[in-house]
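Q: I am attaching a structure below and will ask some questions about it afterwards.
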Amino acid sequence: MNDITMIGHISRDIMIYKSDEVRLTGGPVIYSSAAASRSGKKIQVITSASLDADKELDGMRTNGVDVIRLDSTATTSIENIYFSADKEKRKVTLLSQADPFTIESLPETDSTIYHLAGLFRGEIPDNFIPYLAEKGKVGIDVQGLLRCSEEGKLLFKDWDSKKELLPKITYLKTDAAEAEILTGETDREKAAYILASWGAEEVMVTHNTEVIVLVDGKIYKAPFAPANLSGRTGRGDTTFAAYLAWRLDHDPEESVRYAAALCSIKMESPGPFSGTIENVKARMVKDR
């Protein structure tokens, strides 16, 4: 039995800042699986990509992740043009997109948590939520519900099914901007309470300064404290997956601190998290 099964597309990312251009394979499942597997959990990834992308999945396999690639006519590719050194402001263009997932195409799997880690709306249909909620706990990043692409250009739209499907979600992750789209509330804590009132059991809201989690009516928070932001890409994916992995065996307070510390380490170098549990525990003490 897997601890977490993650479902989502990989992405051939093109990242441009000033005159620098970096190309690498990213996507939520890349960053999420590294954080969770290196936190000692048994992780499975189900992704959709073309045959020529299979070698790009080897980094996950090296981390001990069970990777299942569903054949696709294309592999997702995204261009990110950054306008600020902190990489908070960017232009996102979808260059190509892998085939969407369907329930019929899902292989048989048994997991404690099913983490839906989509990049764009339509990648993972809404009917996955009630289907997987019958099999285990569902964790979802709302990025894959709100982010839309029209003629390749990125825009965000509210999720029409939120009040119907949030009660079936155990772990909900959003960033501050996405929380405002869903709730109309700019205050992150107030937005978390609204999302919980609509049925989500545990609500995470990330911001460039900190991560908060609302559980059973109580807010837990921990700061991000990276020495630099060279590995900023994948911050939210890494934080959420680290929280899910640690939360399987720990309380919310320790889990949010663990997630923030792990992601702070990750943000100090490009690519997925490559450290150890011991590194993270030491950082938790340092950043406390």
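Q: In the Gaussian network model of the chain, springs joining C-alpha atoms below 10 Å, which of SER39, SER84, SER72 carries the largest mean-square fluctuation?
A: SER84
Q: Something else: Can you give me the long-range amide H partners of GLU210? Hydrogens built in the peptide plane at 1.01 Å from N, cutoff under 5 Å, separation of 5 or more residues or another chain.
A: PHE224
Q: What distance in nm lies between label points placed 7 Å from Cα along the C-beta direction at ILE219 and LYS153?
A: 3.6 nm
Q: Evaluate the relative contact order of the chain (contact order divided by residue number), counting alpha-carbon pairs under 8 angstrom at least 6 apart; express in whole percent.
A: Once normalised by length, the contact order is 17 percent.
Q: Sticking with this structure for a sec: Where nothing but the Cβ of Lys and Arg (+1) and of Asp and Glu (-1) is charged, how large is the charge dipole of region 1-85 around its Cα centre, in debye to the nearest 20?
A: It works out to roughly 280 debye.
Q: Hey, another quick one. For region 1-98, what are Rg and Dmax over the alpha carbons, in angstrom?
A: 14.4, 46
Q: Quick one: which residues, 5+ away or cross-chain, put their amide H under 5 Å from the amide H of LEU119? H built at 1.01 Å from N.
A: Here HIS9 satisfy the definition.
Q: Top mean-square fluctuation among LEU262, LEU145, LEU70, Gaussian network model of the chain, C-alpha springs under 10 Å?
A: Taking springs between Cα atoms under 10 Å, the residue moving most is LEU70.
Q: Using only DSSP helix segments of four residues or longer, with each worth -39500 (n - 2.57), what per-residue ellipticity at 222 nm results for the chain after dividing by its residue count and rounding to 500?
A: -8500 deg cm²/dmol
Q: In debye, nearest 20, what is the charge dipole magnitude of the chain about its Cα centre with +1 on Lys and Arg Cβ and -1 on Asp and Glu Cβ, if you could check?
A: Roughly 780 debye, rounded to the nearest 20.
Q: Per residue, how big is the convex hull around the C-alpha atoms of region 27-175? Give it to me in cubic angstrom, could you?
A: Looking at region 27-175, the number lands at 130 Å³ per residue.
Q: Oh, and also: Give me the log10 of I(q) over I(0) for region 161-288 at q = 0.09, 0.10, 0.14 Å⁻¹, as the Debye formula computes it from C-alpha points; what are the numbers?
A: These q points yield log10 I(q)/I(0) values of -0.24, -0.29, -0.57.
Q: Work out the charge dipole of the chain with +1 on the Cβ of Lys and Arg and -1 on the Cβ of Asp and Glu about the Cα centre, then indicate which of HIS115, GLY40, ASN228 is farthest towards its positive end.
A: So the residue furthest toward the plus end is ASN228.
Q: If one computes the Cα centroid of region 123-201 and of region 202-279, what distance in Å separates the two points?
A: 19 Å
Q: How far apart, in nm, are two points set 7 Å out from the Cα along the Cα-to-Cβ line at HIS207 and at THR93?
A: Taking the simple label geometry, HIS207 and THR93 are separated by 3.3 nm.
Q: Give me the orientation-averaged projected area of the Cα convex hull of the chain, in nm², one decimal.
A: In nm², the orientation-averaged hull projection of the chain is 13.7.
Q: Over 31 Å between Cα atoms, which of LYS18/LYS42; LYS135/LYS218; LYS18/LYS162; LYS42/LYS281; LYS55/LYS266; LYS42/LYS190 qualify?
A: From the list (LYS18/LYS42; LYS135/LYS218; LYS18/LYS162; LYS42/LYS281; LYS55/LYS266; LYS42/LYS190), the Cα-Cα distance tops 31 Å for LYS18/LYS42; LYS18/LYS162; LYS42/LYS190.
Q: Which listed residue (ILE30, LEU51, LEU155) has the Cα farthest towards the positive end of the charge dipole for the chain, taking +1 on Lys and Arg C-beta and -1 on Asp and Glu C-beta about the Cα centre?
A: Sorting the options by dipole projection puts first ILE30.
Q: Would you kindly derive the ³J(HN,Hα) couplings of region 273-288 from the backbone phi angles with the Karplus curve 6.51 cos²θ - 1.76 cosθ + 1.60 (θ = phi - 60°), listing them in order in whole Hz, with x for Gly and Pro?
A: Couplings: 4, 10, x, 10, 4, 4, 4, 5, 4, 5, 5, 4, 5, 5, 8, 5 Hz.
A short reminder: the numbers here are calculations on the coordinates, not readings from a lab. Quick caveat, the model's predicted, so the values are computed rather than measured. Please note: Cβ atoms are built from the backbone with ideal geometry, for glycine as well, and neighbour counts cover all protein chains shown.
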